[in-house]
Amino acid sequence: MPFKTILQELVDAVPGATGAILADWEGEAVEQYCHFDEFEMKVIGAHKGIILNRLRELHDALPVGEVEDLMIAAGSQRHLVAPVGPDYFLVMTMARSSLPALAQRMARLAVDRLKKEIC
């Protein structure tokens, strides 16, 4: 299954979701699907990748396990960031009114599907 299909199904499954991007460890877009400017989605993905990498570095020094996902709320939006193995990550953008638990569940399912495609 192509990456874009997985991303589109993720966005469609979460009411209020506006986009999703799969990026590599450097923040470079592999594939994306969004309802707004694609360049803006790439910028969001790259910035969230920096945050994820820093958080991973901090967690490496603690006996708390690996980062599974994180939710960033700012203004009228939420951004969910989830690693897809050691070399890739997923970012989903959504309205602040979106249900975070549903978004997290659907993102975890998408991550599992993306991992299968990458390996």
Query raised in the report: If the cut-off is a Cα-Cα distance under 14 Å, which aspartates and glutamates reach K4, setting aside same-chain residues fewer than 8 apart in sequence?
Result: D12, E31, E38, E117
**Report entry** For the chain, size of Cβ-based charge dipole, Lys and Arg +1, Asp and Glu -1, in debye
**Finding:** 380
Report task. Would you list, by chain and number, the aspartates and glutamates whose Cα falls below 13 Å from the Cα of K115, excluding same-chain residues fewer than 8 positions away? Result -> D24, D87
**Report entry** Dipole-positive endmost among H35, G75, T5 within the chain (Cβ charges, Cα centre)
**Finding:** G75
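Throughout, read-outs are computed from the coordinates displayed, never taken from laboratory work. The model shown is predicted, which means the values in this text are computed figures rather than measured ones. Positions of Cβ are generated from backbone atoms using ideal geometry, with glycine treated the same way; all protein chains shown enter the neighbour counts.
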